[in-house]
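The values are calculated or read from the model by the stated rules, or taken from the named source; none is laboratory data. Remember, predicted model here, so these are calculated numbers, not experimental data. Please note: Cβ atoms are built from the backbone with ideal geometry, for glycine as well, and neighbour counts cover all protein chains shown. Accessible surface is based on the protein model in full, side chains and every heavy atom, while ligands, DNA and RNA are left aside. Shrake-Rupley method; radii C 1.70, N 1.55, O 1.52, S 1.80 Å.
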Amino acid sequence: MSERVLIVDDEEDLRYIYMRQLRGDGYLLDTAADGEEAIGKIRENEYAVILTDMRMPRKDGLAVIAAAREYLPEAEIIVLTGHGSLENALQAFKAGNIFEYLLKPLDDIGILNTVVARALERRNLRKHNCELFDQLQRAYEELRQKSEALFQQEKMSAIGTLAAGVAHELNNPLTAVVGFAQLVSEKLRSNRPSNWNDTEYERIAQALDNLVHGAHRARDIVSTLLRFARASKPSARSLVDMNQTLRDAFVFTEHLLLRNGITLEKQLAPELPPVWGNAARLQHVFTNLLINAQQATPSGGTVRVITEHSEEPKGVWIHVEDTGHGIPPEELDKIFEPFYTRKENGTGLGLSIAKQIVDEHRGEIRVLSTLGEGTRFSVFLPTDEAQSSNPPRDSREAA
Ligand SMILES: Nc1ncnc2c1ncn2[C@@H]1O[C@H](COP(=O)(O)OP(=O)(O)OP(=O)(O)O)[C@@H](O)[C@H]1O
Ligand SMILES: [Mg+2]
């Protein structure tokens with residue numbers, strides 16, 4: 001594409017001479033007869049080089065230079081003046097991007113061709129540098145975001161290790177609590193102490209039931225944590241039953257939903273084929289989706305989790321639907337970006353990490369949302385790898 005060059009001079013003869021001189025060099029040439037006309041054109045066109053006189057009616061060269069600095073910061077300016085004092089020159093250089101300051105009349109008009117060509121070279125070089133700088137900055141930003149996400153992941157896996165240690169320690173005393181609570185409860189039911197009245201007896205029997213129930217729940221949490229920890233080495237892969245992974249995710253999230261007055265509906269397809277992957281990381285995906293659903297859904301709403309088998313392409317679909325506030329259409333493509341959040345205390349990493357994990361499993365994550373009605377996140381995980389006797393994805397590759 002030809003570069004645009006603007007020639008600004010109030011003398012028509014000079015404009016004509018400059019035009020004729022530059023005509024053969026392949027530029028798109030344009031002229032202006034005074035400062036004001038020049039400024040109007042600078043606002044509307046992308047000039048690469050501006051050749052300007054200094055003393056002109058209706059706005060002078062300094063005003064042209066200032067306008068170029070504002071509207072075309074990359075343009076190079078060549079001043080051609082008949083009034084060459086040091087003071088004038090200094091003023092021009094202060095006002096903008098002056099490439100050359102030439103005095104009229106030019107001894108050799110041919111110098112114009114060289115000066116314009118060199119100005120263009122400098123301008124293109126600078127533009128190229130700016131582009132490189134932008135690229136560098138983008139690469140840096142990407143790197144920074146990735147390392148932050150990695151840090152979050154490492155933190156999660158450290159928390160996982162810690163949780164596993166705690167779970168392990170809790171396992172024995174909990175087994176004792178469950179066992180004894182059950183024993184006492186049964187004894188009490190069959191052997192009611194004679195000195196207890198009805199109310200007292202019912203109250204204690206109820207308390208014991210609650211104790212047994214609570215201890216069972218604690219034991220479930222602990223065994224889920226242990227399962228999570230066993231698979232929480234990012235590289236560990238095995239055949240994963242997604243229904244079980246979801247049940248594990250429910251252990252941590254169901255009470256959160258119930259406490260907020262939200263119903264959790266589970267429609268888990270029987271005989272779902274297993275997925276070749278990392279159970280702990282997949283559990284993390286659905287824990288994130290369920291927490292997001294809870295945060296978006298008001299009391300009285302419903303969160304539904306559906307699993308289904310797909311033949312073509314071979315795999316499983318897991319849908320997490322809510323009846324929450326929804327996502328505005330213009331935000332749909334941003335929500336998977338790291339740090340995108342609309343929550344006061346959100347990190348904005350939940351969905352970006354979820355997407356990363358789904359990508360690691362060569363799956364896909366989609367979202368459908370209607371403002372004021374609800375949102376559905378759908379995750380596809382392929383199963384063809386799991387079904388082949390020798391899974392192509394080596395566990396060492398999976399980290
Ligand atoms: N089910 C949903 N309904 C409505 N908006 C959602 C839903 N899930 C995610 N979003 C929107 O996407 C944004 C990004 O979600 P993401 O999980 O990545 O981060 P976050 O939830 O804001 O922060 P964090 O996960 O750290 O708590 C949310 O802030 C929210 O605006
Ligand atoms: Mg979130």
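Towards the positive end of the charge dipole of the chain, with charges on Cβ (+1 Lys, Arg; -1 Asp, Glu), say which of VAL115, GLY40, ALA354 has the farthest Cα.
Result: ALA354.
List the GluC sites (Glu not before Pro) within region 314-382 that fall in a DSSP loop (any state other than H, G, I, E or B) and whose Cβ has at most 14 other Cβ atoms within 10 Å.
On the way: sites: GLU321, GLU330, GLU331, GLU344, GLU360, GLU364, GLU373; in loops: GLU344, GLU373.
Passing sites in region 314-382 are GLU344, GLU373.
Over region 142-297, what is the mean sequence separation of C-alpha contacts under 8 Å (at least six apart), divided by residue count, expressed as relative contact order in percent? Working shown, then result.
Numbers: 117 pairs, mean separation 40.1, N = 156.
Averaging sequence separation for qualifying contacts and normalising by length gives 26 percent for region 142-297.
What is the percent carbon and sulfur in the accessible area of the chain, measuring with a 1.4 Å probe over the protein chains and ignoring ligands? Before the final figure, lay out each step's value.
On the way: 11840 of 22410 Å².
Summing carbon and sulfur atoms, their accessible area is 53 percent of the total for the chain.
Just the accessible area per residue of the chain, please: how many Å² with a 1.4 Å probe? Kindly include the intermediate steps, with their values, before the conclusion.
On the way: 22410 Å² over 399 residues.
Counting only protein heavy atoms, the per-residue value for the chain is 56 Å².
Between LEU143 and ARG342, what is the label-point separation in nm under the 7 Å Cα-to-beta-carbon projection?
The two pseudo-label positions are separated by 3.4 nm.
Taking the Cα-to-Cβ direction at ILE17 and at HIS128 and moving 7 Å from each Cα, how far apart do the two end points lie in nm?
3.5
Given R₀ = 30 Å, what would the calculated FRET efficiency be for ASN113 paired with LEU136, taking r from the Cβ atoms and rounding to 0.05?
Details: r = 35 Å, r/R0 = 1.16.
That pair, ASN113 with LEU136, gives E of 0.30.
Between ASN243, ASN292, ASN45, which gets the highest mean-square fluctuation from a Gaussian network model of the chain, Cα cutoff 10 Å?
Largest GNM mean-square fluctuation: ASN45.
Do me a favour and compute the ellipsoid semi-axes for the chain from its Cα gyration tensor, root of five times each eigenvalue, largest one first, whole Å.
On the way: eigenvalues 1140, 109, 73 Å².
In descending order the semi-axes read 75, 23, 19 Å.
Taking amide H positions as placed 1.01 Å from N in the peptide plane, with prolines and chain starts having none, which residues 5 or more places from LEU28, or on another chain, fall under 5 Å of its amide H?
Amide H neighbours of LEU28: GLU3, ARG4, VAL5.
Please tell me the relative contact order of the chain in percent, rounded to the nearest whole number, where contacts are Cα pairs under 8 Å and at least six residues apart. Mind showing how you got there, number by number?
Values: 605 pairs, mean separation 38.9, N = 399.
Over the chain, the number comes to 10 percent.
Counting only C-alpha contacts under 8 Å and six or more residues apart, can you give the relative contact order of region 326-365 as a whole percent? Present the calculation step by step, with values, prior to reporting the outcome.
Numbers: 30 pairs, mean separation 10.8, N = 40.
About 27 percent, as a whole number.
Using Cα centres only, tell me the gap between region 30-54 and region 1-20 in whole Å.
10
Can you tell me the convex hull volume per residue for region 233-398, based on C-alpha atoms, in Å³ to the nearest whole number? If you can, show how the numbers build up before the last one.
Working: hull volume 19.1 nm³, N = 166.
Convex hull volume per residue, Cα atoms: 115 Å³.
May I ask for the net charge around ILE39, where only other residues with Cβ less than 12 Å from the Cβ of ILE39 are counted and Lys, Arg are +1 while Asp, Glu are -1?
-1
Under a Cβ-only charge scheme (Lys and Arg +1, Asp and Glu -1), can you give me the dipole magnitude of region 4-109 about the Cα centre, in debye to the nearest 20?
Numbers: 12 positive and 21 negative charges, 34 e Å.
Dipole of region 4-109, to the nearest 20 debye: 160 debye.
Give the separation of the Cα centroids, region 137-207 to region 252-282, in Å.
Their Cα centres are 18 Å away from one another.
Between ASP60 and GLU271, what is the label-point separation in nm under the 7 Å Cα-to-beta-carbon projection?
Taking the two extended label points, one gets 9.2 nm.
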